[in-house]
Amino acid sequence: HQVEIRRNLWVARHPVTEAEWAAFSGEGPVGDLPVVNVSWYDACAYAGWLQEITGRPFRLLTEAEWEYCCRAGTETIFSTGNLITPSAANFLHDESGDRIGLGQRTRTEYYSANPFGLCDMHGNVCEWVADPWHPNYIGSPPDGRVWNQGCIEGSRVIRGGAWDYMPRLLRSAWRDWLDPLTKRDNLGFRVVCDDT
């Protein structure tokens, strides 16, 4: 499906880190690993806090914005081409189920950025996005905004794949959903600021 995003966005170079999260929550480890074990509601609260302290409109990316940023102008399966290796992204298993990766989160920006200058769009941690789940894109907004109509209640989209996944779950097009209260050791988020 065709999407045209005509607004300017300031997308975080990497997922929110433990240190950035600790500045908001006052708890947890302080480091440059992506924060995990945060629900969709937690992620939205963080974006709201950033908006409050900066006066800038921070939020989660929409699903369409996330995929646009992940693809970074490419038309291949990954922004790195049609194959991805453990030297390009953090994932654990090959398609045969053999362990080939590190088996843990890596610090943000450990891997090279994509052509848009964004890190960890493939692997490391899955990322919450703003949209609720739809099983397909029929009727989705052509401008990439949040799609709330006709959604499955109690669901929020995750994108990106994680450190304990295999390559097919890191594809630019890969998508899944979870209950917004879910917290996992491979699930974080990144923020975006609308250009005002």
Picked from the stretch 1-17 (must be assigned to a loop (DSSP other than H, G, I, E, B) and in contact with a strand residue (DSSP E or B) (Cβ under 9 Å, 6 or more places away or on another chain)), the residue nearest to Tyr111 (Cα to Cα) is His14
Before we move on, is Ile53 over 16 Å from His122 (Cβ atoms), among the hydrophobic types (A, V, I, L, M, F, W, C) and surrounded by fewer than 15 Cβ atoms within 10 Å (Cβ to Cβ)?
yes
Collect the residues in the stretch 92-129 that are open to solvent by 40 Å² or more (accessible area, probe 1.4 Å), of a type in the set (D, E, K, R) and in contact with a Lys or Arg (Cβ under 8 Å, 6 or more places away or on another chain), keeping them in residue-number order.
Glu95, Glu109
It is to be established whether one or more residues within the stretch 41-52 are out of contact with any strand residue (DSSP E or B) (no Cβ under 7 Å at 6 or more places or on another chain) and in a loop (DSSP other than H, G, I, E, B).
no
From the list Glu4, Glu67, Glu18, Glu75, exactly one residue is among the acidic types (Asp, Glu), within 22 Å of Trp174 (Cα to Cα) and open to solvent by less than 60 Å² (accessible area, probe 1.4 Å). Which is it?
Glu67
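Determine which member of the set Val38, Val30 is among the β-branched types (Val, Ile, Thr), open to solvent by 20 Å² or more (accessible area, probe 1.4 Å) and part of a loop (DSSP other than H, G, I, E, B).
Val30
Yes/no per residue for (1) among the polar types (S, T, N, Q); (2) within 16 Å of Val129 (Cβ to Cβ); (3) modelled with pLDDT under 95:
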{"residue": "Glu27", "(1), (2), (3)": "no, no, yes"}
{"residue": "Val30", "(1), (2), (3)": "no, no, yes"}
{"residue": "Pro34", "(1), (2), (3)": "no, yes, no"}
{"residue": "Asn37", "(1), (2), (3)": "yes, no, no"}
{"residue": "Trp49", "(1), (2), (3)": "no, no, no"}
{"residue": "Glu65", "(1), (2), (3)": "no, yes, no"}
{"residue": "Cys69", "(1), (2), (3)": "no, yes, no"}
{"residue": "Ile77", "(1), (2), (3)": "no, no, no"}
Only one of these is free of Cβ contacts under 8 Å to residues at least 40 places away in the same chain and over 30 Å from Ala23 (Cα atoms): Ile84, Ile53, Ile77, Ile100. Name it.
Ile100
Exclusive hit being open to solvent by 10 Å² or more (accessible area, probe 1.4 Å), assigned to a strand (DSSP E or B), at pLDDT 95 or above and farther than 30 Å from Gly55 by Cα, set Asp185, Asp176, Asp164
Asp176
For the stretch 62-107, name all the residues that are part of a helix (DSSP H, G or I) and in contact with a His (Cβ under 8 Å, 6 or more places away or on another chain).
Cys70
Mind checking whether some residue in the stretch 113-128 is aromatic (Phe, Trp, Tyr), under 23 Å from Val192 (Cβ atoms), touching a Leu at 6+ places or on another chain (Cβ under 8 Å) and not in a helix (DSSP H, G or I)?
yes
Among the numbered criteria (1) open to solvent by 50 Å² or more (accessible area, probe 1.4 Å); (2) closer than 21 Å to Glu18 by Cβ; (3) not basic (Lys, Arg), which one does Pro142 miss?
(2)
Here the residues within the stretch 14-46 that are aromatic (Phe, Trp, Tyr) and under 18 Å from the mean Cα position of the chain (by Cα) are Trp21, Trp40, Tyr41, Tyr46
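The values are calculated or read from the model by the stated rules, or taken from the named source; none is laboratory data. Keep in mind the model is a prediction, meaning the values are calculated, not measured. Methodologically, a virtual Cβ is constructed for each residue, glycine included, from the backbone with ideal geometry; neighbour enumeration extends over all protein chains shown. All accessible areas refer to the heavy atoms of the entire protein, side chains included, with ligands and DNA or RNA removed. Shrake-Rupley method; radii C 1.70, N 1.55, O 1.52, S 1.80 Å.
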